[in-house]
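Data first, discussion second: the structure below is written as structure tokens.
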Amino acid sequence: MFGIDAEGIFTLSEGIGLESMGAGAGDVVGKSVYQVYRNFPDILEQVNAALAGSESHGLTHIGENCFEVWFTPIWDEERMVVGLSGVAVDITRRNKLEQQQTIMMSELDHRVKNNIAAVMSLVTLSQQGARSIEEFAKALDGRLHSLAVAHSSLAKSHWSGAWMRDILLLTLQPYMSGSVERIRFEGPDYELPGLLARPMCMVIHELATNAVKYGSLSNENGVVTITTEILPEGSLRLKWVETNGPLVDEKPTLGTGISLLEGLVDHEMHGTIALQFEEGGVVCQINVPLSVEE
């Protein structure tokens, strides 16, 4: 709380918020507001408005602190302004929380729009090449599952990133049942940036789906070996090697799965992908930069 007379001299200065404004209780009494707050034109503008007879209310910043301030004119019996009374409330913490909430809502809105766009894209891709409603539903279900895996992995780190091994284990879990180790992991684990985690889950899902349909996971003896490597220039190399699968006589016709793979790596991950169709199954090498910008 504070009081200022018609000449701009403090007559009252009390309250626990004074310290955050750079003054102690009573320290400014007898001093001119125009001197004390000479470097704060927004405060002086409100003081002048109140001394001119208008109530004033606004926000002002002193250092890193934010205050909500009310200025009310004081009138004498002849309706002359003889001063003002005021209240300043330190809302620094509330202001920071509101700013954080605004940022969070903006990020949430952005993510929801991205996810809706991703789902719409998956529906379109799954529809292409599907020969029946059942085939369409199965393809879409698998792709949506990979999207859900990405979200689960990212939620663990509050959307900052996801560990490569978590992505592999969660995405490939349906294919790892049984006593035989059919999927092997080699190389270091690494936390992928959030922007890479979702497309990486979908890449692994598409490779696994292809392996189950045509490759080394379509028989009892096939094996998939997944190797990760961090390259000196700051890129991640992932190598998917299928062995002991059915013989592949020639490169399969380009389908929606392969198109999706190439689109994910090229456009969303800004990386490169090389696919080879060997006799024992697919060999896929993916290089993606670990620093990506949205």
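FYI, it's all coordinate maths here, none of it is from the lab. From a predicted model like this one, the values you see are computed outputs, not experimental measurements. FYI the Cβ positions are ideal-geometry reconstructions off the backbone, even for glycines, and counts take in every protein chain you see.
Between the beta carbons of Arg79 and Val29, assuming R0 = 22 Å, the FRET efficiency works out to 0.25 to the nearest 0.05.
Residues whose amide H falls under 5 Å from that of Glu191, counting only those 5 or more places apart or on a different chain, are Met164, with hydrogens built in the peptide plane. Over the C-alpha trace of the range 2-90, radius of gyration and Dmax come out as 12.2, 42 angstrom. Shape of the range 168-213 from its Cα gyration tensor (a ≥ b ≥ c, root eigenvalues): rounded if a/c is under 1.5, otherwise prolate when a/b > b/c, or oblate? Verdict is oblate for the range 168-213. Does anything in the range 195-215 have its amide N under 16 Å from the 7 Å Cα→Cβ label point of Asn244, and if so which residues? Correct set: 212, 215. Other residues with beta-carbon under 13 Å from the beta-carbon of Asp189 carry, at +1 per Lys or Arg and -1 per Asp or Glu, a net charge of -3. Couplings for the range 188-197, taken from phi via the Karplus curve 6.51 cos²θ - 1.76 cosθ + 1.60 with θ = phi - 60°, read x, 7, 7, 8, 7, x, x, 5, 9, 5 Hz in order; Gly and Pro are left as x. For the range 2-90, the Cβ-based charge dipole about the Cα centre amounts to some 180 debye (Lys, Arg positive; Asp, Glu negative; other atoms uncharged).
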